[in-house]
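What follows is a short report on a single structure.
The values are calculated or read from the model by the stated rules, or taken from the named source; none is laboratory data. Just so it is clear, the model here is predicted, and its values are computed rather than measured. Here Cβ is always computed from backbone atoms with ideal geometry, including for glycine, and neighbour counts include all displayed protein chains. Side chains included, ligands, DNA and RNA excluded: accessible areas come from the protein's heavy atoms. Shrake-Rupley method; radii C 1.70, N 1.55, O 1.52, S 1.80 Å.
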Amino acid sequence: MATETLRPEDAKRALTEAYPTKAARKRAKQIVVNAPPDAEGFRPPILSNTRTTPGVITQRGCSYAGCKGVILGPVRDILTITHGPVGCGFYSWLTRRNQTRPPSEDAPNYMPYALMTDMQENDIVFGGEKKLRKAIREAYEIFRPKAIAIAATCPVGLIGDDIHAVARDMKEELGINVFAFSCEGYKGVSQSAGHHIANNGIFEHVVGTRDEPPGGKFRINLLGEYNIGGDAFEIERILELCGITLVSTFSGNASYDQFARAHTADLNAVMCHRSINYMAEMTEEKYGIPWIKVNFIGAEATAKSLRKIAQYFGDPDLVERVEQVTADEMSRVRAVIDEVRPRTEGKTAMLFVGGSRAHHYQELFREIGMRTVAAGYEFGHRDDYEGRKVLPFIKIDADSRNIEELDVEPDPERYRPRKPPEELEALRAQGLDLGEYEGLMADMEEGSLVIDDITHYETERLIELYRPDVFCAGIKEKYVIQKHGIPMKQLHNYDYHGPYAGFRGAVRFYREIDRMASTRIWRHVTPPWAQDPRPETLRQAS
Amino acid sequence: MPESAAPAFVSTTNACHLCMPLGACLAFKGVEGTVPFLHGSQGCATYMRRYLISHYREPVAIASSSLGERQAVFGGGPNLRQGLWNVITAMRPRVIGVATTCLTETIGEEPGPLVEAFLAELAGKNPGVTLPRVVTVRTPSFGGTHTEGFRRAVRALLKALARPGPAGSHLNLLPGMASPADLRHLKDVVRAFGLEAAVIPDPSDPLDGPIWDAYTPVPPGGTPPEALQAAGRARATVALGCMAGDASGPGAWLRDRFGVELLPLPLPVGLRASDRFFAVLEELSGRPTPGWVRAQRGRLVDAYVDAHKYLAGVRAAVVADEDLAVGLSGFLAEIGVHVAYVATGDRSGSLEGAVDAATAGLLREPPAVREEVDYYTVAEETRDLGLGLVVGTSKAYPLARDWGIPLVRVGFPIHDRFGAARQRVLGYAGTQDLFDRVVNALLAQQQEASAVGYGYL
Ligand code: SF4
Ligand code: SF4
């Protein structure tokens, strides 16, 4: 094989050369070669959260998917009715494989149901509000839920149905909480808009409606964890071992009542910054709850996150307990790392997923000695790449302006600063990064490629150029990547495996990657790139 | 017919049908060198890709014009043009199949004229260059289900590509939404009669392809556009499914436009329906059914005899797309299973008559037949039917699990088993596969329920 090295700048050019000029120019701004921060600490800017170029095959979904699928999807006892024609509701029917554990056999769990109005021509022409009202009454009769949510799909906004008015009326009529989300798929540029809309709705209509806190001395909310493959159960196990009380998760294994009293927590721990930072900011402003960024993907990252939580509460017993739990769990984790690492060391990975996983999972690979040579989000914003430092410099375009920003003020009764300002300052001085997120680039090597909203075509070119040992993305990319002879790991639904969070999850993931990187199945495959050798890949460059 | 006790619901809970453009994309995937393209917001394309990919376990590219709020108000024309241009340059397709979505249908944007204007402009700027054909189809999901979308797309393809000319000796075969393995089998048997037939559409290779040895922006295989062109000159069209003879269907269009004789047939699932299918092939070819096909029939009948004792007294429900629901009902009835309940999410109005015809003389009591239902209703209505078997898609799994009875998975979508693309139900050979699966599902159930754990059954 040739030994000349492929420069990342050349790879970048190769990715865009087949596009027409206009598309190529735009994509060039969304593909960035990672570089160290400049004198003021800024990373190279990346164009992101921008409308997908028509006709390139994107992996992105829509605002409805972000709202109904991602944020509301894992909540077991809010009954969601999709107002729209059949498809959108059908396709979002348990496809994310969230899990939930109702507290008892007869406790409600509506996740196996996909309710919809299945609008017909008549509803489109004459309006669908009447049908929606009937559907809500019907749903109430059958299920008797505590709360009903209405999620709008594309036609709803266009025909002018006032779903919020319907929600208000129904709330009065049925005496339960009914609220609506205007998450029509054409809003915003990706599912990200739907996350924001969902955050707003839950914040406005549910959070703060139940004041009695659960017991426990160290009460936190976990934000941006969606219990794919049972991740939440592992995190819950660890928090419980440490003596930390989980008031509410947004929204893995969550329930309505958890949301209702989320404002009684004393700290928000944020996993997926992209999908939920709105909730962190709004609850800080309204109720005085500070937030920190955590990551429970990766054993070391889990340990670090627990330490951060302990540091925030500043209780010596808690600090001690976290150390004990960590030491105990890490001894088991290390044994597996030692076993696996000789086979995985030096191998390469690529990650193109979501709005935080492409960052979080790099940690797991690092723990077994693997390098991430290219990564990017489907629907991240600049702050998720470059860090919150860039927030003041992000231009708000028309698509983002259309998503409502709530005006939040301190709650006259419920606002309570959790710590005096001096104490918060002292914590910051000790290195606790309150309200900070450094983004994905900070954790990636110089010269690695960062690609926003990668297209079908670029994925194939990238594989051809780099031939990574493992490619992580979703089901939509899975079979293309395998056709190219590259092991592929789904990180949206974990290939129906998992959990991968926490200590036990890390062990499961190492073993899975070990299996993938060592399987002999690929011997049977002569991939396209093997017949036409290209310049040597980046992995030899370092 | 037993009267339904359940109220008719206004809302839909756990639908039995999918949306129109999904059917259209599936049809487009069956034409060589075609890229499906949804005119609307990108979420629909992503959702449909997700569904098709998890069923076939193959790459499925569907492009989108990625409309946003602005375009929803001011029109999506510019995005459509830009999108087509990007698909043309990056993927070099032979055909682009544009289907509308609920967004573009709600704002009433007709893609046909926009596409034509764009192509005319392109042709002006690129004299001598062969540009791809762009076929458009209107698929508002508030006007029908995925099976209707499939039929509309097939008709649109024919309308755009079929040309008149002197009649040939070849046939058109419109199989409907058949699995890749079924399509392969149909092609084999037709060829064995010495007939030349274009299967329209034929996604067997694009949706069940080998590992790649070369970079392929559009996976190879599918009905060649030339074969669609020749469809107007065919000697006859054999169309399968309960809507095969429908006046607005693709077969009727070929007949009305070009005078191609239309021979509508039910889906050949089971002995009786397959016999009809092969009789038509005999007639068209003037040849007897080939020996190896007759042998398949013989083995099937032999199997029916050998296993009939396992099937006696079993009551079954069928939940599937209408074509398949009819075929499955006829098949189950002829093997001695009592078909108690037949349901579909489709709503063409043809199900009841077709099920009656397919099961005529085979059932002591006609089944309850339901169109336009959802799984919630199916569950309500089948609770007290004493069912021992469900035949349907993966989506029927919760039901089968609740009733504690086996589910034999057929149709679309199958997301919880491997090999959906290689599953057969058509012809004697397909029926044999299906029959073995039904019998074995019942045996497995019996075996697991037995305290003894017999090893011989
Ligand atoms: S909007 Fe219409 S076309 Fe799009 S997914 Fe929903 S039902 Fe299907
Ligand atoms: S883009 Fe609109 S129509 Fe399509 S899936 Fe999303 S909400 Fe439904």
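Just a few scattered comments:
- The one condition in (1) touching a Gly at 6+ places or on another chain (Cβ under 7 Å); (2) away from ligand 1 (no atom under 16 Å from the Cβ) that A:Thr153 fails to fulfil: (2)
- Being closer than 22 Å to A:Ile124 by Cβ, open to solvent by 40 Å² or more (accessible area, probe 1.4 Å) and either within 16 Å of ligand 2 (Cβ to nearest atom) or modelled with pLDDT of 95 or more (or both) is a property that does not hold for A:Arg144.
- Of all residue pairs spaced 6 or more apart or on separate chains, those with beta-carbon atoms under 7 Å, a first member in the range B:197-214 that is more than 14 Å from every other protein chain (Cβ to nearest Cβ) and a second member that is among the basic types (Lys, Arg) are B:Val199/B:Lys187; B:Pro203/B:Lys29; B:Ser204/B:Arg184.
- Across the range B:223-233, not a single residue is classified as out of contact with any helix residue (DSSP H, G or I) (no Cβ under 8 Å at 6 or more places or on another chain) and basic (Lys, Arg).
- Looking only at the range B:92-106, and only at residues there that are facing chain A (nearest Cβ under 10 Å) and away from ligand 2 (no atom under 12 Å from the Cβ), the one that is most open to solvent (accessible area, probe 1.4 Å): B:Arg92
- Residue match in the range B:297-314 (condition: more than 24 Å from B:Tyr397 (Cα to Cα), under 24 Å from the mean Cα position of the chain (by Cα), open to solvent by 10 Å² or more (accessible area, probe 1.4 Å) and acidic (Asp, Glu)): no
- Being away from ligand 2 (no atom under 16 Å from the Cβ), among the hydrophobic types (A, V, I, L, M, F, W, C) and either within 30 Å of the chain's Cα centre (by Cα) or surrounded by 21 or more Cβ atoms within 10 Å (Cβ to Cβ) (or both) holds for only one residue in A:Ala114, A:Ala167, A:Ala152, and it is A:Ala167.
- Qualifying residue in the range B:56-72 (condition: farther than 23 Å from A:Gln59 by Cβ, within 7 Å of chain A (Cβ to nearest Cβ) and open to solvent by 10 Å² or more (accessible area, probe 1.4 Å)): no
- The condition of being open to solvent by less than 10 Å² (accessible area, probe 1.4 Å), of a type in the set (A, V, I, L, M), within 20 Å of the chain's Cα centre (by Cα) and more than 9 Å from chain B (Cβ to nearest Cβ) holds for A:Val75.
- Candidates A:Asn227, A:Asn199, A:Asn177, A:Asn221: the one that is more than 16 Å from ligand 2 (Cβ to nearest atom), more than 14 Å from chain B (Cβ to nearest Cβ) and on the phi > 0 side of the Ramachandran plot is A:Asn227.
- Qualifying residue in the range B:149-162 (condition: modelled with pLDDT of 95 or more, assigned by TED's automatic domain parsing to the domain that holds B:Lys29, of a type in the set (A, V, I, L, M) and within 13 Å of the chain's Cα centre (by Cα)): yes
- Among the conditions (1) out of contact with any Asp or Glu (no Cβ under 9 Å at 6 or more places or on another chain); (2) more than 15 Å from ligand 1 (Cβ to nearest atom), the only one that A:Pro108 does not satisfy is (1).
- Any hit, the range A:381-396, residues being of a type in the set (Ser, Thr, Tyr) and within 25 Å of A:Ala530 (Cβ to Cβ): no
- Flag for A:Gly41 being open to solvent by less than 20 Å² (accessible area, probe 1.4 Å) and modelled with pLDDT under 95: no
- Meeting the requirement of 1 or more residues that are among the charged types (D, E, K, R) and either without any contact (Cβ under 8 Å) to a residue 60 or more places away in the chain or at the interface with chain B (Cβ under 9 Å from one of its Cβ atoms) (or both), the helices (runs of 4 or more DSSP H) wholly within the range A:86-145 are A:121-126, A:129-143.
- Hits in the range B:74-91 - residues which are at the interface with another protein chain (Cβ under 8 Å from one of its Cβ atoms) and farther than 19 Å from B:Leu161 by Cα: B:Asn79, B:Leu80, B:Gln82, B:Gly83, B:Trp85, B:Asn86, B:Val87, B:Thr89, B:Ala90, B:Met91
- Only one of B:Arg347, B:Arg409 that is charged (D, E, K, R) and either on the phi > 0 side of the Ramachandran plot or modelled with pLDDT under 95 (or both): B:Arg347
- Filter result for the condition that a residue is on the phi > 0 side of the Ramachandran plot and buried (at least 24 other Cβ atoms within 10 Å of the Cβ), over B:Gly40, B:Gly83: B:Gly40
- Scanning the range B:441-457 for residues that are open to solvent by 90 Å² or more (accessible area, probe 1.4 Å) and polar (S, T, N, Q) yields one hit, B:Gln446.
- Matching residues in the range B:239-287 - criterion: being open to solvent by 30 Å² or more (accessible area, probe 1.4 Å), part of a loop (DSSP other than H, G, I, E, B) and in contact with a Phe, Trp or Tyr (Cβ under 8 Å, 6 or more places away or on another chain): B:Arg287
- First in the range A:215-230 and in a strand (DSSP E or B), second anywhere and open to solvent by less than 10 Å² (accessible area, probe 1.4 Å) and of a type in the set (D, E, K, R), Cβ under 8 Å, 6 or more apart: A:Gly224/A:Arg274; A:Glu225/A:Asp231
- Residue, modelled with the lowest pLDDT, within the range B:214-238, restricted to residues that are hydroxyl-bearing (Ser, Thr, Tyr) and part of a loop (DSSP other than H, G, I, E, B): B:Tyr215
- Residues being open to solvent by less than 10 Å² (accessible area, probe 1.4 Å) and more than 10 Å from ligand 1 (Cβ to nearest atom) - total across the range A:79-95: 3
- Matching residues in the range B:249-272 - criterion: being out of contact with any Lys or Arg (no Cβ under 8 Å at 6 or more places or on another chain) and within 30 Å of B:Val337 (Cα to Cα): B:Leu263, B:Pro264, B:Leu267, B:Val269, B:Gly270, B:Arg272
- B:Glu365 being among the acidic types (Asp, Glu), in contact with a helix residue (DSSP H, G or I) (Cβ under 6 Å, 6 or more places away or on another chain) and in the same structural domain as B:Ala400 (by TED's automatic domain parsing): no
- For A:Glu445: the one exception among (1) at positive phi; (2) in contact with a strand residue (DSSP E or B) (Cβ under 9 Å, 6 or more places away or on another chain); (3) away from chain B (no Cβ under 11 Å); (4) part of a loop (DSSP other than H, G, I, E, B): (1)
- Whichever residue in the range B:140-171 is closer than 21 Å to B:Val87 by Cα and either within 14 Å of another protein chain (Cβ to nearest Cβ) or surrounded by 24 or more Cβ atoms within 10 Å (Cβ to Cβ) (or both) and, among such residues, is nearest to ligand 1 (Cβ to nearest atom): B:Ala153
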